[in-house]
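Chemist: My questions will all concern the structure given below.
The values are calculated or read from the model by the stated rules, or taken from the named source; none is laboratory data. In this text the structure is predicted, and so the values were computed from the model without any measurement. Here Cβ is always computed from backbone atoms with ideal geometry, including for glycine, and neighbour counts include all displayed protein chains. Just the protein is used for accessible areas: all its heavy atoms, side chains included, with ligands, DNA and RNA removed. Shrake-Rupley method; radii C 1.70, N 1.55, O 1.52, S 1.80 Å.
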Amino acid sequence: MSIEKIKTLIIGSGPAGYTAAIYASRADLNPVLYTGMEPGGQLTTTTDVDNFPGYPNGIDGPKMMEELKAQAERFGTDVRIGEATKVTFAKKSDEIHEVIINHETVLHAKTIIISTGASAKYLGLESEQKLIGGGVSACAVCDGFFYKGQEVAIVGGGDTAAEEATYLSNICSKVTMLVRKDEMRASKAMQHRVNSKENIDLKYNSEVVEVLGNNVVEGLKIINNKTQKTEEINITGFFVAIGHKPNTDLFRGQLDMDKTGYIITNGKTTKTNIPGVFASGDVQDKEYRQAVTAAGTGCMAALDAERYLASIGD
Ligand code: NDP
């Protein structure tokens, strides 16, 4: 079996991975990028991206990812469809990391940039899944603007839900916030911000039974889990803010992670605990999670990789 030797392997094809690829290819690191099973990442599930600098009229999410890919390829990045299915990071002596793609192709990489992202959690209701992109969204900052002046709902009781409910309340006429327990998990400061907004209708002990509407969201059927009373509310946008899951299962036991599975990077760098392995984008960021911040850390990872390769005499 022949083993392909690669200088810089990038795993993941969101804004972080492609930005790392642009910088790495321009620095002659000959990057190979594997897209993973969702080429383009989370932005391919959104419609207009209006908050990425440089696009005054906004850009369609999938189109933006195609352009990032084209930009990376223009400088020589070898973009391949495939998923890393096993990794064995280097023992200190050999400085070679082994990665298996699609359970069969074996690669040896001197440096690896991990940009596998995070996936938003959804409730899992059939009616919700059907309407993703039709009024169901997991990102208020991305999609809230489309519901300007309209009535929306958000589910979740953590910091993200509280922050996004507050954000939406500045754009939308009314925000119904659904919290499944009789208290919120969000910090007291965040709860205070929610409570100070007159147009946020906070409903505790409330769960979503069904998202109503055929092609677009028209309402929600909700249940009070204490009284078992159900009701329907009219809304045009439904935001799910019940957490994200970083795509790091593959690296468990080898890379340092926090208790929720986000990769820990060293200070302001993208360095992981393994020399030559870097992490960029949402896989190491549960705070900001924006395309532009992911792209920024992708750039940093490529620069860190370049310096690392220079330090080992490559
Ligand atoms: P969290 O895991 O903290 O909160 C998830 C929330 O969603 C909880 O209220 C949980 O309810 C609820 N939930 C989970 N599953 C369901 C379900 N099936 N139906 C209904 N509700 C559900 O996630 P966040 O994204 O809010 O935050 C992640 C991390 O990021 C946290 O550490 C947070 O502090 C941090 N963060 C910090 C911010 C800041 O400081 N500015 C901003 C955003 C995030 P329950 O409580 O009942 O389990």
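Chemist: Which net charge results for the neighbourhood of Gln191, defined as the other residues with beta-carbon distances under 10 angstrom from its beta-carbon, given Lys and Arg at +1 and Asp and Glu at -1? Please report the intermediate quantities before stating the final value.
Modeler: Values: positive: Arg185, Lys188, Arg193; negative: Asp159, Glu183.
Local net charge: +1.
Chemist: Oh, and also: Can you say what percent of the DSSP beta bridges in the chain, counting only those with both residues inside, are antiparallel? Round to 5.
Modeler: 45 percent
Chemist: Still on this model: If you roll a 1.4 angstrom probe over the protein chains with everything in place, what fraction of the accessible area of region 122-240 belongs to carbon and sulfur, to the nearest %?
Modeler: Answer for region 122-240: carbon and sulfur cover 45 percent of the accessible area.
Chemist: Taking a cut-off of 25 Å between Cα atoms, list the lysines near Lys69, but don't count ones fewer than 8 places away on the same chain.
Modeler: Here the lysines satisfying the reach criterion relative to Lys69 are Lys5, Lys7, Lys86, Lys110, Lys245, Lys271, Lys286.
Chemist: A further question on this structure: What full-extension length gain, to one decimal in nm, is calculated for Glu207 and Lys63 as 0.36 nm per residue of separation minus the Cα-Cα distance? Please list the in-between numbers first.
Modeler: On the way: separation 144, 0.36 × 144 = 51.84 nm, distance 3.52 nm.
In short, 48.3 nm is gained.
Chemist: Can you give me the accessible area per residue for region 122-240, using a 1.4 Å probe, in Å²? Working shown, then result.
Modeler: On the way: 6130 Å² over 119 residues.
Per-residue value: 51 Å².
Chemist: To continue, here is another question. With a cut-off of at most 13 other beta carbons within 10 Å, and DSSP calling the residue loop, which trypsin sites (Lys or Arg not before Pro) in region 163-194 qualify? Please list them. Write out the running numbers ahead of the final one.
Modeler: Numbers: sites: Lys174, Arg180, Lys181, Arg185, Lys188, Arg193; in loops: Arg180, Lys181, Arg185.
The qualifying sites are Lys181.
Chemist: Give me the net charge for the shell around Ile233: Cβ to Cβ below 14 angstrom, other residues only, Lys and Arg +1, Asp and Glu -1. Don't jump to the answer; show the numbers that get you there.
Modeler: Details: positive: Lys174, Lys203, Lys221, Lys229; negative: Glu151, Asp201, Glu207, Glu210, Glu218, Glu231, Glu232.
Summing Lys/Arg as +1 and Asp/Glu as -1 gives -3.
Chemist: Let me ask something additional. Between region 183-221 and region 121-147, what's the alpha-carbon centroid distance in Å?
Modeler: Distance between centres, Cα-based: 14 Å.
Chemist: Compute the angle between helix 291-311 and the longest alpha-carbon principal axis of the chain, please, reported from 0 to 90 degrees and rounded to the nearest 10.
Modeler: So the helix axis and the longest Cα principal axis differ by about 20 degrees.
Chemist: For region 58-111, take N as its residue count and report Rg(C-alpha) divided by 2.2 N^0.38 Å. Intermediate results must be reported in sequence, preceding the final value.
Modeler: On the way: Rg = 15.2 Å, N = 54, 2.2 N^0.38 = 10.0 Å.
With N residues counted in region 58-111, Rg over 2.2 N^0.38 Å equals 1.52.
Chemist: Now for a different question. Can you give me the Cα centroid spacing of region 272-304 and region 30-72 in angstrom?
Modeler: The two parts, judged by their Cα centres, are 16 Å apart.
Chemist: How about region 82-146: which trypsin sites (Lys or Arg not before Pro) there are in a DSSP loop, with at most 15 other Cβ atoms within 10 Å of their Cβ? Before the final figure, lay out the partial values.
Modeler: Working: sites: Lys86, Lys91, Lys92, Lys110, Lys121, Lys130; in loops: Lys91, Lys92, Lys121.
Here the sparse-neighbourhood loop sites are Lys91, Lys92, Lys121.
Chemist: Go ahead and run the numbers for FRET between Ser196 and Glu95, Cβ-Cβ distance against an R0 of 45 Å, rounding to 0.05.
Modeler: Details: r = 54 Å, r/R0 = 1.21.
Computed FRET efficiency for Ser196 and Glu95 comes out at 0.25.
Chemist: With a bin width of 20 angstrom, please list the P(r) values of the chain as percents of all Cα-Cα pairs, from the 0 bin to the one holding the largest distance.
Modeler: Pairs per bin, as whole percents: 32, 50, 18, 0.
Chemist: Could I ask something else about it? Rg/Rh for region 87-193 to two decimals, with Rh computed the Kirkwood way over all alpha-carbon pairs. Write out the running numbers ahead of the final one.
Modeler: Details: Rg = 20.8 Å, Rh = 17.3 Å.
The Rg/Rh ratio comes out at 1.20.
Chemist: Still on this structure: What translational diffusion coefficient, to the nearest whole µm²/s, does region 159-270 have by Stokes-Einstein, given a Kirkwood radius computed over alpha-carbon pairs, a temperature of 37 °C and 0.692 mPa s viscosity?
Modeler: Numbers: Rh = 16.3 Å.
D = 201 µm²/s.
Chemist: Quote the relative contact order of the chain in percent (integer), defining contacts as alpha-carbon pairs under 8 Å separated by 6+ residues.
Modeler: Details: 723 pairs, mean separation 64.4, N = 314.
Answer for the chain is 21 percent.
Chemist: Looking at region 219-314, which GluC sites (Glu not before Pro) are in a loop (DSSP not H, G, I, E or B) and have at most 13 other Cβ atoms within 10 Å?
Modeler: Details: sites: Glu231, Glu232, Glu287, Glu306; in loops: Glu287.
Sparse-neighbourhood loop GluC sites (Glu not before Pro): Glu287.
Chemist: While we're looking at this one, here's another question. Quickly estimate the mean residue ellipticity at 222 nm for the chain, helices only: each DSSP H run with n ≥ 4 gives -39500 (n - 2.57), and the total goes over all residues, rounded to 500.
Modeler: Details: 7 runs with 75 residues, N = 314.
Taking each H run of at least 4 residues, the total per residue is -7000 deg cm²/dmol.
Chemist: Would you kindly state the longest site-free stretch of the chain, with sites defined as chymotrypsin sites (Phe, Trp or Tyr not before Pro) in a DSSP loop (not H, G, I, E, B) surrounded by at most 15 other Cβ atoms within 10 Å? Provide the component values of the computation, followed by the final result.
Modeler: Values: sites that count: Phe75, Tyr122, Tyr288.
The answer is 123-287.
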